[in-house]
Amino acid sequence: MSILIGAGAKQRKLSDSDAIKLTSGRDFWSTESLGGIPSIRMSDGPHGLRYQATKADHLGINEAVPATAFPTASASASTWDPELLERMGHAIGTEARSMDVDIVLGPGVNIKRNPLGGRNFEYFSEDPLLAGKLAAGWIHGLQATGVGASLKHFAGNSQETARLRSDSLIDPVALHELYLEAFRIAVTEAQPESVMVAYNMINGTYMSDNAYLLNDVLRGQWGFKGLVVTDWGALNDKVASLNAGTDLEMPTSGHLFDKQATTALASGKLDRQRLTRAVSNIAAVADAPRPTEVRDRTTMLTYHAKIAQKIAENGAVLMKNDGILPLQAGRKLAVIGALADKTRIQGAGSSHISTPESISILNGLDDADRPYTYAQGYQLNGEPDATLRSDAVKIAAEAEDVVLVLGLPDTAEAEGADRQTMDLPANQIALLQAVSAANPNVAVLLNAGSVVTMTWQTQAKAILNLFLGGQRIGAAAEQLLFGDATPSGKLAETYPLAYEDVPSSAHFGSSELSVPYVESLYAGYRYYDKAQMPVAFPFGFGLSYTTFALSDAQLATDTLTASDKTLALTVTVKNIGAVRGAEVVQVYAGQNEQKQLAPLHSLAAFSKVWLDPGASTTVTLNIPRHAFERWDEDKQAFTLAGGQWTLSVGTSSRDFAASLPVQVDAPSFLVTAPTWYEQPQGKAGIKDFTSLTGMQITANPLPKRGNFNRLSTPR
């Protein structure tokens, strides 16, 4: 028997055994080359190319070829600038082609359900619209170079704890409106060459075997036309995965499952049409034209470093400023903190980049000839050190201004493990208290890829969040500190007051394999704003060295009909300050009549606009029809929800300049849910979740004879 794929000159005939062999990798990064179908070369790369020319691994342990380390997703997302992300994707694609890489594994668009997610630095946002739009920009840029993207990790991959076995239990509304939405946007707007399935299960089925999500949703509802590949080692069942919609197992398993698949094909258990689909999709990607990049890599990396710095500057978020920033040249400056010298540029794991340069904050000041005195201040391992603290307090007392660099150590943020606390190390907080007592003119630079507790913010006059800003983070910091660049970043996730405020905190990171998303779609600002809960800094927030005013918000029409695809909204933005800067206009949509299982409002559109001092412009935002739709599980489709809606225009999820009523001319559609989901207060419990979904939570089986299977691991 054989498999026939393609047409015309590209038509190929493969034996059954070769067809099955083609659906598993040849080695760690490459696919098989059979029947005239060339091999596909893949490499990691959400924020830079991790090309390993020799010994390969998936955790960033072995050395890779030098490449540009761009800011990680938590930093680049704060730019709120899809065009800038498109430039980043294009740069990564160019570097990939210079090494003959065909597919780059990225971007990652999983929703940040909880601040302690170990890979949060690799993901964009708690909001799917922002994440999806940024991902679409990145994919457009990358694929314009002839390199394919691999959108990941599809889907419900919100924790690292027990990620190979955990079961994300998610109700249909939250699944489609929140956890799948960023993927939907990226797929429908940018059509990535491939989608990578996650390790975890969703509602009892491993993603590699999930026919509903892979066939019905991804290919059916969204029209995805590309290749579905497993995360490295995420294959659960070879036969089930091919039938469900997975095309390619990576990396190689030594063709361990080929015999099983061959037997299943002969018996009819493996559908021949599904195998043909998988082989056809692999061949289509393998045959895609890939221009060869022949530019000098040294020149290329130098140019891309400038793009990395621009993203770092545009993504930095000024969270507080009592007038100390920008710093004034000529004043005596003290720089304190081990992270000023050993500044983190990226997180750990498969996205770790070998970069030709790594400019620390001290390097950035030195390169700009900025005079300062320096003290280490604290140990990066968290151990208290009275001598280091004393030295830091001394130079702070002798200075006019203090820049104190705080953040998370390398060990806190990495693939494979979730964080244990949202707090900064205690020795850093103790140092801040001591330094601010000696000199109140303290500007904190925050160097962390994830959300941290900000109870210490009263001890600082300014807080500038640099996140993990890539290889030129220090150069960007110098430009921002002294006003040669104006902060324009906005938070892509909420900073709660305490971890206990997080709606998923009671169930996140549990070693239990059943992981109930008890809060449903109330993640991030969708929860905090609906529950009217105070936060440290809201979603979308960010200050500037200038000031903006929003006025004259108007709708082209106050009625959306069933035939309308968009609703135009205009607003005037004016820079009323003294320096050039950028504001991000944000529009949120809220359904007035819907109280149960609905956020107070959700992001519907945004636009970043740069203005000179005194300048103004009229910004037009086209609100998509989808902003007024809700998921209808019975129809397996989004449906226009008729009735009164409100569009709120502002600069964060809690700062609005105008609210505009909209009548949606369609039948009413209201979601019903248990009481907690109407007005969430505190945390939802297992009983609430079971009442909402009917799903039962199962405890881990006890390790005793008869309970072991091929998925059992040591506890």
Check: Which residue pairs have Cβ atoms closer than 7 Å, lie 6 or more positions apart in sequence or on different chains, and pair a first residue in region 241-267 that is touching a residue at least 40 places away in the same chain (Cβ under 8 Å) and farther than 25 Å from Leu218 by Cα with a second residue that is part of a helix (DSSP H, G or I) and open to solvent by less than 10 Å² (accessible area, probe 1.4 Å)?
Finding: Phe257/Lys238; Asp258/Ile20; Thr262/Ile20
Item checked: Residues being over 30 Å from Gly577 (Cα atoms), hydroxyl-bearing (Ser, Thr, Tyr) and either outside any loop (DSSP other than H, G, I, E, B) or open to solvent by 20 Å² or more (accessible area, probe 1.4 Å) (or both) - total across region 506-548 -> 5
Checklist line | The listed residue being modelled with pLDDT of 95 or more, open to solvent by 70 Å² or more (accessible area, probe 1.4 Å), assigned to a strand (DSSP E or B) and hydrophobic (A, V, I, L, M, F, W, C), out of Trp610, Trp645 | finding: Trp610
Next item on the list: Considering only residues that are closer than 14 Å to Pro71 by Cα and not hydroxyl-bearing (Ser, Thr, Tyr), look in region 352-381 and name the one that is surrounded by the most Cβ atoms within 10 Å (Cβ to Cβ).
Entry: Ile353
Notebook entry, point to check: Going through region 239-255 one residue at a time, which ones are under 18 Å from Ser15 (Cα atoms) and either open to solvent by 30 Å² or more (accessible area, probe 1.4 Å) or in a helix (DSSP H, G or I) (or both)?
Noted result: Val239, Leu242, His255
Margin query: Criterion first (of a type in the set (Asp, Glu) and more than 30 Å from Ala506 (Cα to Cα)) does Glu383 satisfy it?
Written below: no
Margin query: Among the residues that make up region 73-89, is at least one of them more than 30 Å from Glu177 (Cα to Cα) and in contact with a His (Cβ under 6 Å, 6 or more places away or on another chain)?
Written below: no
Checklist line | Single unsatisfied condition, Ala434 versus (1) at pLDDT 95 or above; (2) touching a strand residue (DSSP E or B) at 6+ places or on another chain (Cβ under 7 Å); (3) not aromatic (Phe, Trp, Tyr) | finding: (2)
Check: Restricting the search to region 549-569, which residues are within 23 Å of Asp127 (Cβ to Cβ) and surrounded by fewer than 16 Cβ atoms within 10 Å (Cβ to Cβ)?
Finding: Lys565, Thr566, Ala568
Margin query: Can you tell me which residue is nearest to the chain's Cα centre (by Cα) among those in region 664-675 that are at pLDDT 95 or above and open to solvent by less than 60 Å² (accessible area, probe 1.4 Å)?
Written below: Val664
Check: Which one of these is crowded, with 20+ Cβ neighbours inside 10 Å, within 27 Å of His153 (Cα to Cα) and either touching a residue at least 60 places away in the same chain (Cβ under 8 Å) or within 19 Å of the chain's Cα centre (by Cα) (or both): Gly349, Gly337?
Finding: Gly349
Notebook entry, point to check: Taking Ser616, is it open to solvent by 20 Å² or more (accessible area, probe 1.4 Å), more than 21 Å from Gly132 (Cβ to Cβ), touching a Lys or Arg at 6+ places or on another chain (Cβ under 6 Å) and not β-branched (Val, Ile, Thr)?
Noted result: yes
Note to self: Looking at the structure I just gave you, is Ser436 surrounded by fewer than 20 Cβ atoms within 10 Å (Cβ to Cβ), more than 24 Å from Asn120 (Cα to Cα) and hydroxyl-bearing (Ser, Thr, Tyr)?
What the structure shows: no
Next item on the list: Could you please tell me which pairs satisfy a Cβ distance under 7 Å, a separation of 6+ or placement on different chains, a first residue in region 420-448 that is touching a residue at least 24 places away in the same chain (Cβ under 8 Å), and a second residue that is among the hydroxyl-bearing types (Ser, Thr, Tyr) and surrounded by 22 or more Cβ atoms within 10 Å (Cβ to Cβ)?
Entry: Asn427/Tyr378; Gln428/Tyr378; Leu431/Tyr378; Asn447/Thr343
Notebook entry, point to check: Would a scan of region 617-635 turn up a residue that is touching a helix residue (DSSP H, G or I) at 6+ places or on another chain (Cβ under 7 Å) and not in a strand (DSSP E or B)?
Noted result: yes
Item checked: Residue within region 653-663 that is under 18 Å from Pro82 (Cβ atoms), open to solvent by 10 Å² or more (accessible area, probe 1.4 Å), in a strand (DSSP E or B) and modelled with pLDDT of 95 or more present -> no
Notebook entry, point to check: Would a scan of region 227-234 turn up a residue that is of a type in the set (Asp, Glu) and either open to solvent by 10 Å² or more (accessible area, probe 1.4 Å) or on the phi > 0 side of the Ramachandran plot (or both)?
Noted result: no
Notebook entry, point to check: Across region 467-502, what is the number of residues that are open to solvent by less than 10 Å² (accessible area, probe 1.4 Å) and in contact with a Lys or Arg (Cβ under 6 Å, 6 or more places away or on another chain)?
Noted result: 1
Next item on the list: State whether one or more residues within region 257-268 are part of a loop (DSSP other than H, G, I, E, B), in contact with a His (Cβ under 9 Å, 6 or more places away or on another chain) and of a type outside the set (D, E, K, R).
Entry: no
Notebook entry, point to check: Does region 48-55 contain at least one residue that is farther than 29 Å from Gly132 by Cα, among the hydroxyl-bearing types (Ser, Thr, Tyr), at pLDDT below 95 and open to solvent by 40 Å² or more (accessible area, probe 1.4 Å)?
Noted result: yes
Note to self: Just to be sure I understand the filter: pairs with C-beta atoms under 7 Å, separated by 6 or more residues or on different chains, first member in region 511-538 and within 13 Å of Ala598 (Cβ to Cβ), second member acidic (Asp, Glu) and crowded, with 22+ Cβ neighbours inside 10 Å. Which pairs pass?
What the structure shows: Ser520/Asp171; Leu521/Glu177; Tyr527/Glu519
Margin query: Looking only at region 406-421, filter to residues that are in contact with a strand residue (DSSP E or B) (Cβ under 8 Å, 6 or more places away or on another chain) and aliphatic (A, V, I, L, M); which one of those is modelled with the lowest pLDDT?
Written below: Ala414
Margin query: Condition first: among the charged types (D, E, K, R) and either more than 20 Å from Tyr528 (Cα to Cα) or in contact with a strand residue (DSSP E or B) (Cβ under 9 Å, 6 or more places away or on another chain) (or both). Can you find one or more residues in region 662-675 that meet it?
Written below: yes
Next item on the list: Could you list all residues from region 321-347 that are in a loop (DSSP other than H, G, I, E, B), out of contact with any helix residue (DSSP H, G or I) (no Cβ under 7 Å at 6 or more places or on another chain) and among the polar types (S, T, N, Q)?
Entry: Gln328, Gln346
Next item on the list: Just one of (1) β-branched (Val, Ile, Thr); (2) exposed (fewer than 13 other Cβ atoms within 10 Å of the Cβ); (3) part of a helix (DSSP H, G or I) trips up Thr302, so point out which.
Entry: (2)
Next item on the list: List the strands (runs of 3 or more DSSP E) that sit entirely inside region 104-212 and contain at least 1 residues that are among the β-branched types (Val, Ile, Thr) and buried (at least 24 other Cβ atoms within 10 Å of the Cβ).
Entry: 194-197
Next item on the list: Select from region 382-393 the residues that are in contact with a strand residue (DSSP E or B) (Cβ under 8 Å, 6 or more places away or on another chain) and open to solvent by less than 70 Å² (accessible area, probe 1.4 Å) and list them in ascending order.
Entry: Leu388, Ala392
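The values are calculated or read from the model by the stated rules, or taken from the named source; none is laboratory data. The structure presented is a predicted model; accordingly, all values stated were derived computationally and were not measured. Here Cβ is always computed from backbone atoms with ideal geometry, including for glycine, and neighbour counts include all displayed protein chains. Keep in mind that these areas ignore ligands, DNA and RNA; they rest on the heavy atoms of the full protein, side chains included. Shrake-Rupley method; radii C 1.70, N 1.55, O 1.52, S 1.80 Å.
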